Amino acid sequence: MDWITPDWPAPLSVKAVSTTRAGGVSQPPFDSFNLGIHVDDSLDAVLANRTRLADVMCMPSAPSWLNQIHGTGVVTLPLTSTLQVPDADASFTAEMGQVCVVMTADCLPVLFCISPARCCGPIL
């Protein structure tokens, strides 16, 4: 599995990575590290890739995946229910250890953070 780690002035408690397509189990045309359930890739392969991501990155919690729809929806994490993947293109959390995820293909990911000392709850 390959990934890119940003070189940025974020607080040490904020981590970010951007994965590449290398190092997964998905077969062509999704090869190899596909993380998207919304395409016609094998569900078993996608779940194996997601598990590999969580394991290699030693994530402090399960990632909160989104059903990204190219809209303006933002969800606050952690979710009150894990029964349904929310339709949204962004997530926000004030919880330490909460893993937010955004998938990209033809869009750039954007991550904003503030110093924990300045965090006072959800930003609306």
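The values are calculated or read from the model by the stated rules, or taken from the named source; none is laboratory data. Only a predicted model underlies this, so the values are computations on that prediction, with no experimental measurement involved. All Cβ positions, even for glycine, are placed from backbone atoms using ideal geometry, and neighbour counts span all protein chains on display. To get the accessible areas, we keep the full protein, side chains included, count just its heavy atoms, and leave off ligands, DNA and RNA. Shrake-Rupley method; radii C 1.70, N 1.55, O 1.52, S 1.80 Å.
For the range 34-52, a residue qualifies if it is in a loop (DSSP other than H, G, I, E, B), of a type in the set (Val, Ile, Thr) and closer than 20 Å to residue 91 by Cβ, and exactly one does: 37. State all residues of the range 79-101 that are open to solvent by 70 Å² or more (accessible area, probe 1.4 Å) and not in a strand (DSSP E or B); if no residue qualifies, say none. Answer for the range 79-101, where residues must be open to solvent by 70 Å² or more (accessible area, probe 1.4 Å) and not in a strand (DSSP E or B): 80, 82, 83, 84, 85, 95, 96.
With respect to the conditions (1) surrounded by 14 or more Cβ atoms within 10 Å (Cβ to Cβ); (2) in a helix (DSSP H, G or I), residue 55 lacks only one, and its number is (1). The residue of the range 60-78 that is nearest to residue 17 (Cα to Cα), among those that are of a type in the set (A, V, I, L, M, F, W, C) and surrounded by fewer than 15 Cβ atoms within 10 Å (Cβ to Cβ), is 62. The residue of the range 13-49 that is least open to solvent (accessible area, probe 1.4 Å), among those that are of a type in the set (Ser, Thr, Tyr) and either over 22 Å from residue 98 (Cβ atoms) or in contact (Cβ under 8 Å) with a residue 60 or more places away in the chain (or both), is 26.
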